Amino acid sequence: MKKVKADLHIHTVLSPCADLGMSPGRIVQEARSKGLEMIAVTDHNATRQAPEIIRMAHEAGLLAIGGAEVTTKEEVHCLALFENVEMLGVFQDYLDRHRSFIPNDPKRFGYQIVVNELEEIIYEEPGLLHAALDQSINQVALAVHGLGGLFIPAHIDRPRFSLISQLGFIPPSLAADAFEITARTNMAGLLAQHGSLRSATLIRNSDAHYPEQIGTQYSELWVAEISFTELRLALHQKEGRRVLTQ
């Protein structure tokens, strides 16, 4: 077993709120310079930039996992992570079917582009990616798990777009693989108010929107190797794998 440094919430140039410096090459470069061994690409309601980063990261000896930060009908942000590019494509179809279409205004909200290794624009998303899906949080969790993915409510203690801010509680029936907390979390207060989290796996990530933010927050995994399968085992605290809480 070994410790693996993982940042599982990183945005790219495809997210309208992310800096245009968040290109595939820059993300891989920053991740390696910060000593990260596993990252996840999680643009808002979109997966289209992930395959290029997965490929470039692999060539650089870094595991990149593709996914998305999904906005549910309740406007709860949740991370959805998938093992391979094929499942990313299927999930993108699901996002396209269920996301409300609002035309994006780049001057107001930001550009939503996909770029290649040379930072050439190969696609521009016309619909605002911040728009919520018409699917509840339980429906999104079911869709993610149906594709073999991992479902993680994001930054649950934030005052906006979080599980607690939108619902006010942690639903006992929610099939979450882990819960993401922020750097500012008052752990004692959070656990006192939401006792069900005592037995849950809590992770920290950077939620990076700018290159310099990558790796500023991360989780340490205790795993046998660097892989999606081992990540799943660690989140579920199985077979000696676990997340080492900071």
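The values are calculated or read from the model by the stated rules, or taken from the named source; none is laboratory data. Remember, it's a predicted structure, so these values are computed and weren't measured experimentally. So basically every Cβ, Gly included, is an ideal-geometry build from the backbone, and we count neighbours across all protein chains shown.
Total residues in region 153-165 satisfying the condition of being buried (at least 16 other Cβ atoms within 10 Å of the Cβ) and either part of a loop (DSSP other than H, G, I, E, B) or in contact with a helix residue (DSSP H, G or I) (Cβ under 8 Å, 6 or more places away or on another chain) (or both): the figure is 9. The lone criterion from (1) within 26 Å of residue 94 (Cα to Cα); (2) of a type outside the set (D, E, K, R); (3) surrounded by 24 or more Cβ atoms within 10 Å (Cβ to Cβ) left unmet by residue 17 is number (3).
For region 44-66, a residue qualifies if it is buried (at least 24 other Cβ atoms within 10 Å of the Cβ), free of Cβ contacts under 8 Å to residues at least 60 places away in the same chain and of a type in the set (A, V, I, L, M), and the qualifying residues are 50, 53, 64. In region 195-244, the qualifying residues are those that are among the polar types (S, T, N, Q) and more than 28 Å from residue 22 (Cα to Cα), and the one that is surrounded by the fewest Cβ atoms within 10 Å (Cβ to Cβ) is 199. Got at least one residue in region 166-183 being assigned to a loop (DSSP other than H, G, I, E, B), under 20 Å from the mean Cα position of the chain (by Cα), over 16 Å from residue 78 (Cβ atoms) and modelled with pLDDT under 90? Scanning region 166-183, I find at least one residue that is assigned to a loop (DSSP other than H, G, I, E, B), under 20 Å from the mean Cα position of the chain (by Cα), over 16 Å from residue 78 (Cβ atoms) and modelled with pLDDT under 90, so the answer is yes. From the list 173, 196, 206, 162, the lone residue that is under 27 Å from residue 54 (Cβ atoms) and among the hydroxyl-bearing types (Ser, Thr, Tyr) is 206. The listed residues are 212, 239, and the only one of them that is assigned to a loop (DSSP other than H, G, I, E, B) and not polar (S, T, N, Q) turns out to be 239.
Within region 47-91, the set of residues being in a strand (DSSP E or B) and aliphatic (A, V, I, L, M) comprises 63, 64, 65, 68, 70, 79, 80, 81.
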